[in-house]
Structure formats: C-alpha cells, structure tokens
1. Which one is nearest to residue 142 (Cα to Cα) among residues in the stretch 304-336 that are crowded, with 18+ Cβ neighbours inside 10 Å and among the small types (Gly, Ala, Ser)?
2. Can you go through 362, 301 and tell me which one is open to solvent by 60 Å² or more (accessible area, probe 1.4 Å), within 25 Å of residue 219 (Cα to Cα) and either of a type in the set (Lys, Arg) or touching a strand residue (DSSP E or B) at 6+ places or on another chain (Cβ under 6 Å) (or both)?
3. Do any helices (runs of 4 or more DSSP H) lying entirely in the stretch 1-105 carry at least 2 residues that are closer than 26 Å to residue 253 by Cα and without any contact (Cβ under 8 Å) to a residue 12 or more places away in the chain, and which ones are they?
4. Tally the residues that are at pLDDT below 90 and within 27 Å of residue 269 (Cβ to Cβ), restricting the search to the stretch 127-144.
5. Exactly one condition in (1) open to solvent by 50 Å² or more (accessible area, probe 1.4 Å); (2) at pLDDT 95 or above is not met by residue 74; state its number.
6. Are any residues in the stretch 110-144 open to solvent by less than 20 Å² (accessible area, probe 1.4 Å) and touching a Gly at 6+ places or on another chain (Cβ under 6 Å), and if so, which ones?
7. With the structure loaded, tell me whether residue 107 is surrounded by 19 or more Cβ atoms within 10 Å (Cβ to Cβ) and either within 18 Å of residue 316 (Cα to Cα) or out of contact with any strand residue (DSSP E or B) (no Cβ under 9 Å at 6 or more places or on another chain) (or both) or whether it fails that test.
Amino acid sequence: IGVAGVEKFFDEFLRDPANEGAPLELSIDLTVQAAAEHVLSGGMAIMNAKGAASVLMDIHTGEIIAMVSLPDFDPNNRPAVLTQGDQADSPLFNRAVQGVYELGSVFKIFATAQAMELGLINPNTLINIEGPLEWGRHRIRDFHDYGDELSTTDIIVKSSNIGTARIAMQIGVPRQKSFLAELGFLNPTPVEMIEAPSGAPILPRNWSEISTMTISYGHGLSTSPLHLAAGYATIANGGTHIDPTLIRQDGPQNGARILRPEISRRSVSMLRQVVTRGTASFAEVAGYEVAGKTGTADKPRTAGAGYYEEKVIATFASVFPASDPKYVLIVTLDEPSENSGDEPRRTAGWTAVPIAAEMIRRIAPLLGMRPQVDTLEPTGVTLTSN
C-alpha cells in the first residue's frame, strides 16, 4: 500500500487488478540517482549544510532523471511524522518538491528573458545601476559597486540587483505576473507525487511595484527547486512550457510557446558567461559547457520576524551543454558554510556551484554524453626521413 511519493500517487492504479501487467515506467535513472545522492551527500557535509536538494531534468521531455532530498531515511525504518516544530526538520520532508524558498538571483534570468521577449532590451542595452535604488522606504543595493551602468548581459554575469529591478520596472506588475504564471511559478507543480500540492508557492499579499522589483532578483516569492528546474527548462529548450514528470515519456512535450527561440539562445549565452567570467567560475566542467546562475538568499526566520543574519539558502541553477542544451540541474543548500578560509563563505558560488560541477562531472557520462573536446591541428611537425 503506497504511503508517500509516487507510489501513493499511483496507489489506486497499482492495486487495481484490472491493471495487472500494465506498465508504469518511471523516468528516474537509478544509476544517475545513486551518483547524485552520493555527490550531494558529500557536498552537504563538506559545506556544513543543514539540508540539500537537487533536481536533474530533461529540458525537452520534462522527465526527472534524478531527484534528491537530504537528509533522507531508510524506507524500511520510516521515522514518525513530526507533530510540532518545523516540518522541514524531518527527513520525511521532500525539499525538492515541498520546500519553498526565496531562491535569490537565479530568478534574474526570467526578468531579462521577458524584457528581451517584449523588445524592451537586448543583451547589449546599457542599464543604469546607480544605487541605492530607492522606492519609498525600501533601498535596493548591489553586493559590489559596479559603477554607473552595465549591459543586460553583465547584469546577469555580475548579478546586479539594481539593474534587474530597473528592468522589472519596465516590465510592470501585470506582465510579470502573467509571465511567471506561464512558467508555472504561481501554482504547485503538477508532478506525480502525493506531496506536490503542499509545495504551493508563497506569493506576496499585495503584488505592488516594489514586489515586482524584488521578485525579479528572487526575493518576495518563494518557490521550490522543482519549480525552478521547470522554469530553467523553458529558458533553455527554445522557449516552450515544460511540466516536470516522473513518468517515462516517448518524446518532447511541445508545450505552449513562451519565448522565441532566439531569446532562449540569448539567455543561455548569458548564463554561459556567468560560468566563464562571472560568479559561477567553479562550475566549469571540461567538455560539457555548463551555463547557469547563482543565487544566495537570506533565510527567513521561522517565526516570520525578518531574516537571519548568517543563514542563507544557496542555489545554483545550471544548464548543459550550453551549445545544445539537454539537461537542467538545480542544487540547493540550506544554511551552507564553507569554512576552509579565515572567514565563513556562504554564497552559492562557493557552496552550491562546486557541488553541481562535481555532480555534472559524474553524471554526464552516465547520461551517454561525450565531452566536447576541441580538435587541435598538428603544428611544428617536420618530416626527417622516409
């Protein structure tokens, strides 16, 4: 009898004698799943994180190839359900599906992609980033001083909150809400797990202009890592909507078009530059052209009174290979701290990114992907004798 997860979701089908022998083939690749669990578990320990989640998904079919939530448990010795306290402290809590978080700067690519689709900007458009950007009593600042202006591409590469907020102001509240709804961010994901409805996004009570500004850089809207995987799949697959699924598919979903293919290509190019010259340099995996975006968000206090000063949710959303995108990989860490230096480092570039890189290094060959190696022409060769 199914008690949780995909087995509970299909419990009636599986127990119906009329369906005896009918196939129910999952998309999970057990070899890839085992490798993902091994890498994420080790990375979580190294980064001193409280918890972790990862999602690997085919961007064309929506198939979830591997999904991990840590800490986990032995199904033969299932722990009791928590009756008080934070349910996220229980190993029964699926962080990839049920965990909804402010995911930070990984959201910035959605604002730039939508603005390019609307014709408001292009990758070279210069945006004013003088700060702080004031809206009422709110002050929006960047992590570093990047000068007076940046191109759209460099807003993504350097991760400018001010630049992204200014782009969002051009988009406006109604269009932003509509776009995020099309991407699936405003409702629970339709994945085939009984727990999925509990992963409902947390939306602002009053979606005002300041909400649009902060949501553009990943604050003020809480969603799950699985939501993020589906959103990045649309960005990378040519611009069509994707619903994540745990059921083996016969081909691509061919969902509703949200972005033009050229906007998809431009967005992936920006994400590639985040790896080659931006905040995700540790994500470079030889031969696999990783593209992606880092996100580090302050963790809200459980009681709802503000944010912790030294606790974050660190996320890296990646796509590979950038020249012909096939997979999206999300890695999220709860309260990571990389402590090898004199000061703790908590940002995604130091924590989630190296774990994702190691995961791609391990699983890409298991997916049948050959590394792309530049062919070198022989030079300086001299024939000395026959």
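1. The residue in question is 314.
2. Working: 362 fails: within 25 Å of residue 219 (Cα to Cα).
Checking each option against the conditions leaves just 301.
3. Values: elements: 5-9, 11-15, 30-46.
Of the helices (runs of 4 or more DSSP H) lying wholly inside the stretch 1-105, those with at least 2 residues that are closer than 26 Å to residue 253 by Cα and without any contact (Cβ under 8 Å) to a residue 12 or more places away in the chain span 11-15.
4. Number satisfying all stated conditions: 3.
5. Status for residue 74: all satisfied but (2).
6. Initial filter on the stretch 110-144 (open to solvent by less than 20 Å² (accessible area, probe 1.4 Å)): 110-116, 121, 127, 129, 133, 140.
Within the stretch 110-144, 127, 129 meet the criteria.
7. In short, yes.
Table: residues versus (1) among the charged types (D, E, K, R); (2) under 26 Å from residue 299 (Cα atoms); (3) in a loop (DSSP other than H, G, I, E, B).
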{"residue": "228", "(1), (2), (3)": "no, yes, no"}
{"residue": "234", "(1), (2), (3)": "no, no, no"}
{"residue": "255", "(1), (2), (3)": "no, no, yes"}
{"residue": "271", "(1), (2), (3)": "no, yes, no"}
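The values are calculated or read from the model by the stated rules, or taken from the named source; none is laboratory data. As the structure is a prediction and not an experimental result, all values here were calculated from the model. We place every Cβ from the backbone using ideal geometry, glycine too, and count neighbours over all the protein chains shown. With ligands, DNA and RNA removed, areas are computed over all heavy atoms of the protein, side chains included. Shrake-Rupley method; radii C 1.70, N 1.55, O 1.52, S 1.80 Å.
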